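**Student:** Take this structure first; my questions come after.
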Amino acid sequence: MPFYLSCLAAAMLLIGTNVGLGKSVIVFFPVLLFTFLRFGIAVICLLPWLRPARMRRISRKEWLQIFLQAFFGTFLFTLFMLYGVRYTTAMAAGVITSAIPASVAIVSWLVLRERLSRRTALSVALAIGGILILNLSTAQHAGSNTAENALLGNLFVLGAVICEGLYVILSRSITQTVPPMENCAYTHLFGFLLILPFGVAVLPGFDFSAIPAYGWAIMLWYVLSASIFSFALWATGIRHVPATLAGVFTSLVPLAAAAYGILVLGETPGWGHAVAMICVLAGIAVACWPSKPFRHALTALDDPAAPADPAAQRTPAPVVERDMR
């Protein structure tokens, strides 16, 4: 069991550092060109799962779901996130990204008419409060142009979070019939086709010889960690760890993003970052930690023969079973 827990932790750490890594990558590559290269390389790496025989078995309805997943959760998510970190800090983007479980709950309530429990509602309120505090502190403690850019960046990242919530809702049924790695390959293929016209337009005028080896290295690592490594690690761990317990690991996302921002990008945290992060982490704790299902999950770790708690199976915490880039 410790191995599977470490897989979940590693996946969330990769996702958190990728938030800041995206800010490093777009120093060397324009957003549209990088997105084009990123999806192209990912499709090449995922070719073993793009098997025509398997693809012919997928119905038209399933292809529509996969396309919508790709449009919101792959294509728009990537563009919103990269444009977001272009204007805001990695720390702020990490805090906002951690509101993805809250986004899933809100989208489920609005689209699927699922009832919000008191715990979920409190978790959502804490996440929204953290984002509002972050934006308020940004507007008060920065110059006019800097504040406007940061708020615009935060808005882009929030758009990415909403797209991720839509992705998770769309993936609930498709994951029952399409294996996770195949679904990942299909969504990246659609993402590549969607970005293809934009990539072809900016490709001829870009000087690739001006990119240092370091720039190519971090670009390649971003692609592999976002599209394959984080997804594979999360998919491995989530199959053996109760969803209620797995949701706790999402708290590592803002911590990893903040660490990357401070240690690598030289960002300086303010009071707004601290308060917002506390709110987001508290929301995750409310949703996942002090509950009967969580105690049963811990019991199951200590005693694999212990009976599973039915409530934990009926109402799992909203976790994201996919790559988050």
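The values are calculated or read from the model by the stated rules, or taken from the named source; none is laboratory data. Computed from a predicted model, the values in this text were never measured in an experiment. Glycine also receives a Cβ, built like all others from the backbone with ideal geometry; neighbour counts cover every protein chain displayed. Accessible surface is based on the protein model in full, side chains and every heavy atom, while ligands, DNA and RNA are left aside. Shrake-Rupley method; radii C 1.70, N 1.55, O 1.52, S 1.80 Å.
**Student:** Mind jotting down a quarter of the surface of the convex hull over the alpha carbons of the range 203-282, in square nanometres, one decimal?
**Tutor:** If I average the Cα hull's projected area over directions, I get 8.1 nm².
**Student:** Can you give me the P(r) profile for the range 46-94? Cα pairs, bins 10 angstrom wide beginning at 0, each as a whole percent.
**Tutor:** The distribution over the range 46-94 is 21, 34, 24, 18, 4, given as percents.
**Student:** If you don't mind, there's one more thing I want to ask. Tell me the carbon and sulfur percent of the accessible area for the range 60-100, rounded to whole percent, probe radius 1.4 Å.
**Tutor:** Here it works out to 66 percent.
**Student:** Separate question: Please sort 26-37, 252-263, 110-121 by packing, taking for each peptide the average over its residues of neighbouring beta carbons within 10 angstrom, highest first.
**Tutor:** Descending packing order for the listed peptides: 252-263, 26-37, 110-121.
**Student:** Same structure, new question: Under the Kirkwood approximation applied to all pairs of distinct alpha-carbon atoms, what is the hydrodynamic radius of the range 206-247 in Å?
**Tutor:** With all distinct Cα pairs of the range 206-247 included, I get 12.5 Å.
**Student:** Show me 197-206, 81-90 ranked by packing, highest mean number of other Cβ atoms within 10 Å first.
**Tutor:** Order by mean packing, descending: 81-90, 197-206.
**Student:** Can I ask one more? Ranked highest first by average number of other Cβ atoms within 10 Å, how do 221-231, 158-168 line up?
**Tutor:** Descending packing order for the listed peptides: 158-168, 221-231.
**Student:** Let me have the relative contact order for the range 1-142, percent, based on Cα pairs under 8 Å that are six or more residues apart.
**Tutor:** 30 percent
**Student:** Same structure, new question: So how much slack lies between ARG118 and TRP221, counting 0.36 nm per residue of separation and subtracting their Cα-Cα distance, in nm?
**Tutor:** Once the chain is fully extended between ARG118 and TRP221, it gains 33.0 nm.
**Student:** Quick one: check the C-alpha center-to-center distance for the range 149-207 versus the range 22-81, whole angstrom.
**Tutor:** So the separation of the two Cα centres works out to 6 Å.
**Student:** Express the C-alpha Rg of the range 111-236 as a ratio against the empirical globular expectation 2.2 N^0.38 Å, rounded to two decimals.
**Tutor:** Relative to the rule-of-thumb radius for its length, the range 111-236 sits at 1.41.
**Student:** Moving to a separate point now. I'd like the accessible area for PHE208: 1.4 Å probe, protein heavy atoms, all chains in place, Å² to the nearest 10.
**Tutor:** 70 Å²
**Student:** Principal axis extents for the range 1-130, Cα atoms only, whole Å, descending order, please.
**Tutor:** Reported extents, whole Å, longest axis first: 46, 40, 35.
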